[in-house]
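Working notes, structure below.
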Amino acid sequence: MEKRQELYRGKAKTVYATDDPHRLVMHYRDDVSAFDGVKLAQLAQKGETNNKINAYVMGKLVAAGVPTHLVSVLNERESLVRKMRMLPVECVVRNICAGSMAKRYGIEEGTRLSEPIFEFFLKSDALHDPLVNEDHIRVLGWGSAAEIGEMKALTHKVNAVLKPLFAAAGIDLVDYKLEFGHPTDDPNGPLMLGDEFTPDGCRLWDAKTGEKMDKDRFRRDLGSVIEHYREVARRIGAPL
Ligand code: ADP
Ligand code: UDP
């Protein structure tokens with residue numbers, strides 16, 4: 001496999017083409033952003049830490065029957081993935097109320113939910129990722145009814161794997177964001193999990209103390225961001 005030209009520079013990762021038209025290199029940078037890219041910084045070791053946490057978590061999901069785009073880890077900061085046509089929606093699952101849901105409905109952060117709540121957001125920094133419903137997705141053409149069903153089914157399957165995985169590490173999986181797509185070499189086939197699962201895109205609280213171990217440490221200026229990401233990796237058994 002040969003790495004070729006840069007295709008896209010996102011807020012935290014850079015995507016490169018390869019000599020295989022159906023494979024991409026995902027390069028995890030040290031950049032961190034919040035509030036739709038308004039707050040920016042660099043955190044040493046973030047790229048390599050997230051590349052390793054993502055590979056470990058995706059490996060667990062594959063083992064549990066959730067298809068993902070990850071092909072292999074190439075080096076400290078890079079992974080090879082299947083190139084996908086991503087659906088422009090973010091799937092959020094919440095086990096505990098926090099963040100935008102707490103604000104939107106005036107519910108105290110930390111309120112435990114009797115069952116997981118699923119939300120869709122349109123992936124658009126310019127529009128600040130607005131909350132959308134299934135009709136918006138279907139009627140406005142961001143996804144079909146079948147794709148909506150698949151995203152929900154896969155997301156609930158992910159929750160059934162990851163909630164106990166983090167619980168066994170003494171961590172509450174509060175909420176997280178997933179993105180799905182169709183591999184370009186199987187455009188009509190089933191959806192696969194893409195992008196990443198790292199502390200950048202989820203909330204993780206120490207089950208005993210409630211201490212935050214995710215990107216809220218950056219958003220809320222709590223300090224020691226990467227130290228906490230690495231503690232997450234250590235506790236779940238992801239090799240660093
Ligand atoms: P953002 O675009 O939100 O700033 P990143 O810096 O993480 O985010 O950039 C990675 C981009 O690559 C995201 O836009 C994501 O939707 C996209 N992506 C993730 N997985 C794949 C894939 N397998 N194929 C194509 N694009 C992908
Ligand atoms: N999230 C994300 N990217 C986004 C929006 C949300 O990774 O563009 C994650 C976020 O880290 C959290 C979950 O999805 O784990 C729910 O986020 P929320 O809607 O509460 O928004 P926030 O308060 O993070 O802006």
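The values are calculated or read from the model by the stated rules, or taken from the named source; none is laboratory data. Fair warning: this is a prediction, and the values are worked out from it, not measured in the lab. Note that we place each Cβ from the backbone using ideal geometry, even for glycine, and neighbour counts take in every protein chain shown. Side chains are part of the model used for accessible areas, which takes the heavy atoms of the whole protein and leaves out ligands, DNA and RNA. Shrake-Rupley method; radii C 1.70, N 1.55, O 1.52, S 1.80 Å.
Output needed: percent of Cα pairs per 5 Å distance bin for the chain, bins running from 0 to the one holding the longest distance.
So the P(r) values, bin by bin, are 1, 6, 13, 19, 20, 20, 13, 6, 2, 0, 0.
Can you bin the stretch 100-240 into rounded, prolate or oblate? Criterion: square roots of the alpha carbon gyration tensor eigenvalues sorted a ≥ b ≥ c, rounded for a/c under 1.5, prolate for a/b above b/c, oblate for the rest.
In terms of gyration-tensor shape, prolate.
Ignoring ligands, DNA and RNA, what percent of the 1.4 Å accessible area of the chain is carbon and sulfur?
Using a 1.4 Å probe with all protein chains present, the chain comes out at 53 percent carbon and sulfur.
Taking Cα atoms of the stretch 81-181, Rg/Rh with Kirkwood Rh, to two decimals?
Result for the stretch 81-181 is an Rg/Rh of 0.98.
What full-extension length gain, to one decimal in nm, is calculated for residue 139 and residue 227 as 0.36 nm per residue of separation minus the Cα-Cα distance?
In short, 27.3 nm is gained.
Assuming a strict under-25 Å limit between Cα atoms, what lysine pair count do you get for the stretch 39-173 once near-sequence pairs (fewer than 8 apart, same chain) are dropped?
26
Largest first, what is the accessible-area ranking of 70, 204 with a 1.4 Å probe?
70, 204
Using Cα pairs closer than 8 Å and at least 6 residues apart in sequence, work out the relative contact order for the chain, in percent.
Result for the chain is 18 percent.
Can you order the peptides 168-176, 192-200, 97-105 by their average number of other Cβ atoms within 10 Å per residue, highest first?
192-200, 168-176, 97-105
How would you classify the stretch 1-119 from its alpha-carbon gyration tensor, with a ≥ b ≥ c the square roots of the eigenvalues: rounded for a/c under 1.5, else prolate if a/b is greater than b/c, otherwise oblate?
prolate
For residue 11 and residue 184, compute 0.36 nm times the residue count separating them, minus their Cα-Cα distance, and round to one decimal in nm.
60.0 nm
Would you give the gap between the C-alpha center of the stretch 17-71 and the C-alpha center of the stretch 174-240, rounded to a whole Å?
What the calculation gives is 10 Å, centre to centre.
Ranked from the most accessible area to the least, with a 1.4 Å probe and all protein chains present, what is the order of 6, 109, 90?
Final ranking, largest accessible area leading: 6, 109, 90.
Where does the charge balance sit around residue 130 when Lys and Arg score +1, Asp and Glu -1, over other residues with C-beta under 12 Å from its C-beta?
-3
At a 10 angstrom cut-off on C-beta neighbours, averaged per residue, how do the peptides 146-157, 45-56 rank from highest to lowest?
Packing proxy ranking, top to bottom: 45-56, 146-157.
Tell me, Kirkwood radius of the stretch 41-108 from alpha-carbon pair distances, in Å?
Radius from the Kirkwood sum: 14.8 Å.
What does the charge count near residue 50 come to, summing +1 for each Lys or Arg and -1 for each Asp or Glu among other residues with Cβ under 12 Å from its Cβ?
-2
Rounded to the nearest 10 Å², what accessible area does residue 218 show when all protein chains are kept and the probe is 1.4 Å?
Per-residue accessible area (residue 218): approximately 20 Å².
Classify the stretch 127-168 as rounded, prolate or oblate, taking a ≥ b ≥ c as the square roots of the eigenvalues of its Cα gyration tensor: rounded when a/c is under 1.5, otherwise prolate if a/b is larger than b/c and oblate if not.
Taking the square roots of the gyration eigenvalues as a ≥ b ≥ c, the stretch 127-168 is oblate.
Work out how far the C-alpha atoms of the stretch 157-240 reach from end to end along every principal axis, then list the three figures in whole Å, largest first.
46, 26, 23
Which net charge results when you count Lys and Arg as +1 and Asp and Glu as -1 among the other residues whose beta-carbon is under 9 Å from that of residue 18?
Local charge sum for residue 18: +1.
Run the simple label-point estimate for residue 167 and residue 153 please: 7 Å along Cα→C-beta, distance reported in nm.
The two pseudo-label positions are separated by 2.4 nm.
For the chain, what is the accessible area per residue in Å², given a 1.4 Å probe and the full set of protein chains?
Dividing the accessible area of the chain by its residue count gives 46 Å².
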